[in-house]
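Peer 1: Can you read through this structure? Questions will come right after.
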Amino acid sequence: MTTTTPGPWAVPTRPPVWASRPSASARPPIDLLADMIRIRVLEERCAELYQQTKIRGFLHLAIGEEAVPVGVISALHDDEAVVATYREHGHALIKGVGAGPIMAEMYGRAEGCSGGRGGSMHLFDVGRRFYGGNAIVGGHLPVAVGLAIADQVLDHRRATVCFFGEGAMAEGEFHEAMNLAALWKVPVLFVCENNLYAMGTSLRSSESETNLTVKAAAYNVPSWSVDGMDVVEVEAAATRALTAIRAGGGPVFLEARTYRFRAHSMFDPDLYRPKAEIEAWRERDPIAVLADRLAAADDLDPTLLDELWARAAAEVDEAVAFAEAGTLEPVEDLTRHVYRREVAP
Amino acid sequence: MSDLIGAPPSTAADGSGERSHDPSRGRTGDGGGAAERITYREALRRAHRAALTDDPRVIVMGEDVADYGGTYAVTKGLYEEFGRERVRNTPLSESGFVGAGIGAALGGLRPIVEVMTVNFSLLAMDQIVNTAATLLHMSGGQLNVPIVIRMATGAGRQLAAQHSHSLEGWYAHVPGLRVVAPATVADARWMLPAALEDPDPVILFEHATLYGSSGDLAPDDGPVDLDRAAVRRRGEHVTLIAWAGTLGKAIAAAEELAGDGIEAEVIDLRTLRPLDDATLTASVATTGRAVVVDEGWRSVGLGAEVAARITEACFYHLDAPVARICAAEVPIPYPAHLEQAALPQVPDIVAAARATIGR
Ligand SMILES: Cc1ncc(C[n+]2csc(CCOP(=O)(O)OP(=O)(O)O)c2C)c(N)n1
């Protein structure tokens, strides 16, 4: 990476590692763009709704990081599982969970994708193999490994993708999960969304080795970095990784270098990073990066771009209406979903 | 002690009642015909073998479950028979392999995860409490976690303060978990299949002093009801409530009391969560006196919970305060005399029972 700003963090100007492009067919870039816009619009609306107190609790936005879920999930097959963190609205959306059920979940409504019980941090949709929505940093890594072990034993030739932040790499569960996955050649793709901060703690102040692929490679896991602000690069990297994983090669670690433009959560006054750093990264907004590139190549009609934003807005309008019309679960149901097999008294 | 422990629960008298089972299923490795005398360890091993044989979704994982044969030799011979994919030695990563077990359960397997002891399970507490116990709820009922997590608990072998604690009450605190503790050979054999059929996470506590004990396995025993306590001895004067490692001591105390004409009813809690209030209440409503024998610490312990429930439900039937015999409030010491002094003992139980009666 080359340093282009006075901030403590270098901004990647070029994808760092890719030498060769994979040959696997990629989704049309315009679709990737459309999906990133869908996430952006959804999350910006979430922020507004939070201010209006429609959404409560913790709300973690991934604005700026959209290229990572879009790129990776675009490379997945429908029956392949995703396990994500509490910063997962976009992941859920791209995995096929409807914007309506996502929004209703944030409203705490029974029509939400987790029946309203989970909220923003705990989006689930088993039918779409979307396994949350997990808010113990690092805790979902072993679970993702286990899902992939089940596929191994049951002879499903498919991969499981686990997303986590770089903060999780200081947790013991990261190391345990990596070791186990490597040892047993488990078909799992670990995607580190390296946005350089774990709440207010910078990577540099929390990791003895800040080159994360070096850490991951210590487990004998193929480990690559990719420019997480370039969705095409992310998709290509994920496709290459998933192809290897599905072929039985065992786990792959992918670091996507990205940045969140907003605070950690709605409670965060964002005091720990220089404004110039944020501004420098905003220059690499993944939506603008791709839109500009397509426009420069004459592959993007400006009216189409406007239409993508308008379509996304319409989708979110509809989602908000769905959530607003949603119902609250009766209080009498409070103790449901504690046991699948209720005990007869 | 082991004889008493091994005695099969009297089905006629105990509250556990129903035993619905397909007679052919889950019996792989059991002798047919007459009652058999086997160890608690062997009963567990048979349960594992039968589960692995009957259900291809069952896998066993844990530290040293393969080549070593299991810390307590429960899984001995299983990897030779079922292979390393189904009997998996894990690295020393309690959180990692318990979490992987949870994921495997979500993915369609029926994992049996062995954690060497409850003491080490604290490194996996995140997975058990924050993940296994919450997923069904957080997902609005979508994701149940059919995992069985086994671990040894308890003291009595001079293993000192990092290998001897009875922390089952910590897990029994958590909604979403089922916590059971086989104290007899029959339960060691038949709780596992019931736990594997359960759609929710089940934690199975095996008291470390029980592995070598023997008892009878009746040919008509079968999968048990996981939700019910069992009355192991009938009596009308006082109810002794015990589980896992203290059951044998409670039964021994009851025998001693019987010599003095005091008939103690002994309840084996079996299920530590959810507690079988009905069986407890029915007994204490009759006897009017209760002694809870808990190898865990007294403060904020499972024994406290049992005592509170009895007091709430049976207040007007009680002729004496509910008594508790618990471990001393000290990390379990190494020297035998101090270790034994820290644990509930038969004379303590006898004295407490007498005190409730006033003689
Ligand atoms: C085990 C645990 N410790 C602490 C927290 C509080 N916490 C929530 S998010 C977070 C930062 C995590 O940063 P990172 O993994 O880099 O992901 P990001 O939020 O940047 O996406 C922390 C410390 C938590 N949820 N879980």
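The values are calculated or read from the model by the stated rules, or taken from the named source; none is laboratory data. These numbers come from a predicted model, not from an experiment. Reconstructed Cβ throughout: ideal geometry from the backbone, glycine too, with neighbour counts over all protein chains shown. Ligands, DNA and RNA are excluded from the accessible area calculation, which covers all protein heavy atoms including side chains. Shrake-Rupley method; radii C 1.70, N 1.55, O 1.52, S 1.80 Å.
Peer 1: Kindly evaluate A:Tyr86 against the criterion of being within 14 Å of chain B (Cβ to nearest Cβ), within 15 Å of the ligand (Cβ to nearest atom) and touching a residue at least 40 places away in the same chain (Cβ under 8 Å).
Peer 2: The answer is yes for A:Tyr86.
Peer 1: Another question about this same structure. Is it the case that B:Glu329 is open to solvent by 30 Å² or more (accessible area, probe 1.4 Å), more than 22 Å from B:Thr184 (Cβ to Cβ), touching a Phe, Trp or Tyr at 6+ places or on another chain (Cβ under 6 Å) and free of Cβ contacts under 8 Å to residues at least 40 places away in the same chain?
Peer 2: Answer is yes for this residue.
Peer 1: When you scan the range B:141-154, do you find a residue that is away from every other protein chain (no Cβ under 14 Å) and in a loop (DSSP other than H, G, I, E, B), even just one?
Peer 2: yes
Peer 1: For A:Ser202, indicate whether it is at pLDDT below 95 and within 15 Å of the ligand (Cβ to nearest atom).
Peer 2: no
Peer 1: Residues that are more than 24 Å from A:Ala34 (Cα to Cα) and touching a residue at least 40 places away in the same chain (Cβ under 8 Å): which helices (runs of 4 or more DSSP H) entirely in the range A:198-298 hold 1 or more of them? Show your work before the answer.
Peer 2: Working: elements: A:203-206, A:212-217, A:231-244, A:275-282, A:286-296.
Here the list reads A:203-206, A:212-217, A:231-244, A:275-282.
Peer 1: Examine the range B:87-102 for a residue that is open to solvent by less than 50 Å² (accessible area, probe 1.4 Å), free of Cβ contacts under 8 Å to residues at least 24 places away in the same chain and over 19 Å from the mean Cα position of the chain (by Cα), and state whether such a residue exists.
Peer 2: Yes: one or more hits.
Peer 1: Which of the residues that make up the range B:103-112 are open to solvent by less than 10 Å² (accessible area, probe 1.4 Å) and part of a helix (DSSP H, G or I)?
Peer 2: B:Gly103, B:Ala104, B:Ala105
Peer 1: Would you point out which residue out of A:Ala216, A:Ala144, A:Ala159 is away from the ligand (no atom under 13 Å from the Cβ), within 27 Å of B:Leu109 (Cα to Cα), among the small types (Gly, Ala, Ser) and out of contact with any Gly (no Cβ under 7 Å at 6 or more places or on another chain)?
Peer 2: A:Ala159
Peer 1: Is it the case that B:Val115 is in contact (Cβ under 8 Å) with a residue 12 or more places away in the chain, closer than 19 Å to B:Gly62 by Cβ, not in a loop (DSSP other than H, G, I, E, B) and not polar (S, T, N, Q)?
Peer 2: In short, yes.
Peer 1: How many residues are more than 22 Å from the chain's Cα centre (by Cα) and either outside any loop (DSSP other than H, G, I, E, B) or within 17 Å of B:Ala244 (Cβ to Cβ) (or both) when one looks only at the range B:302-347?
Peer 2: Going through the range B:302-347 one residue at a time, the tally reaches 12.
Peer 1: Need the failing condition index for B:Glu263 against (1) under 28 Å from A:Arg341 (Cα atoms); (2) outside the structural domain of B:Met116 (by TED's automatic domain parsing); (3) surrounded by fewer than 24 Cβ atoms within 10 Å (Cβ to Cβ); (4) acidic (Asp, Glu), just the number.
Peer 2: Result: B:Glu263 passes all but (1).
Peer 1: Restricting to the range A:241-260, name every residue that is open to solvent by 10 Å² or more (accessible area, probe 1.4 Å) and within 15 Å of the ligand (Cβ to nearest atom).
Peer 2: Listed by number, the list holds a single entry, A:Arg257.
Peer 1: Okay, next question. Here is a list: B:Ala194, B:Ala218. Which entry is within 14 Å of another protein chain (Cβ to nearest Cβ), of a type outside the set (D, E, K, R) and open to solvent by 10 Å² or more (accessible area, probe 1.4 Å)?
Peer 2: Every option except B:Ala194 fails the conditions.
Peer 1: Is the range B:123-133 home to any residue that is at negative phi, assigned to a strand (DSSP E or B) and in the same structural domain as B:Arg178 (by TED's automatic domain parsing)? Walk me through how you get there before you give the answer.
Peer 2: Let us first name the residues in the range B:123-133 that are at negative phi, namely B:123-133.
Filter once more, so that each one left must be assigned to a strand (DSSP E or B): none.
The answer is no; no qualifying residue exists.
Peer 1: Go through the range A:180-197 and give me each residue that's in a strand (DSSP E or B), more than 8 Å from the ligand (Cβ to nearest atom) and either free of Cβ contacts under 8 Å to residues at least 12 places away in the same chain or out of contact with any Cys (no Cβ under 8 Å at 6 or more places or on another chain) (or both).
Peer 2: A:Cys192
Peer 1: Which members of the range A:116-175 meet the condition of being of a type in the set (Val, Ile, Thr), assigned to a helix (DSSP H, G or I) and in contact (Cβ under 8 Å) with a residue 24 or more places away in the chain? Can you show your working first?
Peer 2: At the first step, the residues of the range A:116-175 found to be of a type in the set (Val, Ile, Thr) are A:126, A:136-137, A:143, A:145, A:149, A:153, A:160-161.
Going one step further and asking which of them are assigned to a helix (DSSP H, G or I), we end up with A:126, A:143, A:145, A:149, A:153.
Selection gives A:Val143, A:Val145, A:Ile149.
Peer 1: May I pose another question? Test B:Ile147 against the criterion of being buried (at least 24 other Cβ atoms within 10 Å of the Cβ), closer than 18 Å to B:Leu272 by Cα and within 16 Å of the ligand (Cβ to nearest atom), and give yes or no.
Peer 2: Criteria not met by B:Ile147.
Peer 1: Given the structure, is A:Ala177 closer than 18 Å to A:Val252 by Cβ, touching a Pro at 6+ places or on another chain (Cβ under 6 Å) and within 16 Å of the ligand (Cβ to nearest atom)?
Peer 2: Here the answer is yes, as A:Ala177 does meet what is asked.
Peer 1: Just to check your reading of the model, which residue among A:Arg204, A:Arg117 is open to solvent by 10 Å² or more (accessible area, probe 1.4 Å) and within 14 Å of another protein chain (Cβ to nearest Cβ)? Working first, answer last.
Peer 2: Working: A:Arg204 fails: within 14 Å of another protein chain (Cβ to nearest Cβ).
Going through A:Arg204, A:Arg117 in turn, the sole match is A:Arg117.
Peer 1: Could I ask something else about it? Out of A:Arg311, A:Arg293, A:Arg341, which single residue is closer than 30 Å to B:Leu272 by Cβ, open to solvent by 20 Å² or more (accessible area, probe 1.4 Å) and away from the ligand (no atom under 16 Å from the Cβ)?
Peer 2: Exactly one of A:Arg311, A:Arg293, A:Arg341 is closer than 30 Å to B:Leu272 by Cβ, open to solvent by 20 Å² or more (accessible area, probe 1.4 Å) and away from the ligand (no atom under 16 Å from the Cβ), namely A:Arg341.
Peer 1: For the range B:64-86, which residues satisfy the criterion of being open to solvent by less than 10 Å² (accessible area, probe 1.4 Å) and not in a helix (DSSP H, G or I)?
Peer 2: Across the range B:64-86, the qualifying residues are B:Val65, B:Ala66, B:Gly69, B:Gly70, B:Val74, B:Thr75.
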